[in-house]
Number of protein chains: 2
Amino acid sequence: MDNIVKIFKALSDPNRVRIVQMLVNKTLCVCEIQEILNLSASTVSKHLSILKESGFLVDEKSGKWVYYRLNTNTNDLAIKQLMLLLPLYLNDDNQILSDKGKLNIACKDELCCI
Amino acid sequence: MDNIVKIFKALSDPNRVRIVQMLVNKTLCVCEIQEILNLSASTVSKHLSILKESGFLVDEKSGKWVYYRLNTNTNDLAIKQLMLLLPLYLNDDNQILSDKGKLNIACKDELCCI
DNA sequence: ACATCATTTCGTTATTTAACGAAGTGATTG
DNA sequence: CAATCACTTCGTTAAATAACGAAATGATGT
């Protein structure tokens, strides 16, 4: 019960839902996510730790950077299914579309890291 | 986005998850739910209104009583799927099993209403 | 009509949450 | 080795949430 409630709590904030959707088929470092969300680094870090703690994300250090990606290898059924279902619910969400658009530009122009 | 976040927020409280699971294949009045959760009537009423507002429940007045049940006729894909998936995640949860046990006894003995 | 019962609404309190900036950590670069 | 960069942790503040009891609402039964 605690586990499933923690999972739903993780998804009950719009900025965290945006993060999860940004990371579909992508690996991003904290500063890229910060750029899109337009929040302070500490706030973004906190959101990422909640998503990691609940099982949605894994991180990987590489030099100065910490990269986050979806925990696609999870054994948790709820996490696995919700990661698949979320995009269906948010495919046509303007915020999510806008985030993805910005991300592509940001990547092309190397807006943030490297 | 607001809609899906509202849905996850509704499920991000253990008492509300318990309510949803109690109502699987059952219709219950507020006082029965109150009996199981062991919370004040006003608190239970608030939880029910959040679940109703987010689309999980519908209510029906009948005399003195208000009956709540799952909104199985919803058009909302997320609500529909989450109602199906939740029991899979909580099948072996002790709290949920205990609630269902108490509910059967309560119904037999007409512990609460009627 | 009146008392009672089931439920909701209101006002309050304690806890949790989201946000920030400042300070701390650890790796990289000059 | 000092400065910088990416990120996290800490401490604070404002807002949201969960809980309660008291009062309001609305139907039932006497």
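Where a number appears in this text, it was derived from the coordinates with a stated rule and is not lab data. All values derive from a computational prediction rather than experimental measurement. Quick reminder, even Gly has a Cβ in these numbers, built from the backbone with ideal geometry, and neighbours come from all protein chains shown.
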>> Against the condition aliphatic (A, V, I, L, M), within 13 Å of another protein chain (Cβ to nearest Cβ) and more than 18 Å from residue B:84 (Cα to Cα), how does residue B:4 come out, does it pass?
In response: no
> Could you list, in sequence order, the residues of segment B:20-42 that are within 14 Å of chain A (Cβ to nearest Cβ) and out of contact with any strand residue (DSSP E or B) (no Cβ under 8 Å at 6 or more places or on another chain)?
Replying inline: B:21, B:37
>> Checking the structure you have, find out if any residue of segment A:52-63 is away from chain B (no Cβ under 13 Å), part of a helix (DSSP H, G or I) and surrounded by 14 or more Cβ atoms within 10 Å (Cβ to Cβ).
In response: yes
>> Can you pull out every residue in segment B:16-44 that is in contact (Cβ under 8 Å) with a residue 12 or more places away in the chain, surrounded by fewer than 18 Cβ atoms within 10 Å (Cβ to Cβ) and within 11 Å of the chain's Cα centre (by Cα)?
In response: B:24, B:26, B:27
> For residue B:12, are the conditions met, namely being without any contact (Cβ under 8 Å) to a residue 60 or more places away in the chain and over 28 Å from residue A:83 (Cβ atoms)?
Replying inline: no
>> Condition first: within 14 Å of DNA strand D (Cβ to nearest atom) and surrounded by 15 or more Cβ atoms within 10 Å (Cβ to Cβ). Can you find one or more residues in segment A:70-90 that meet it?
In response: no
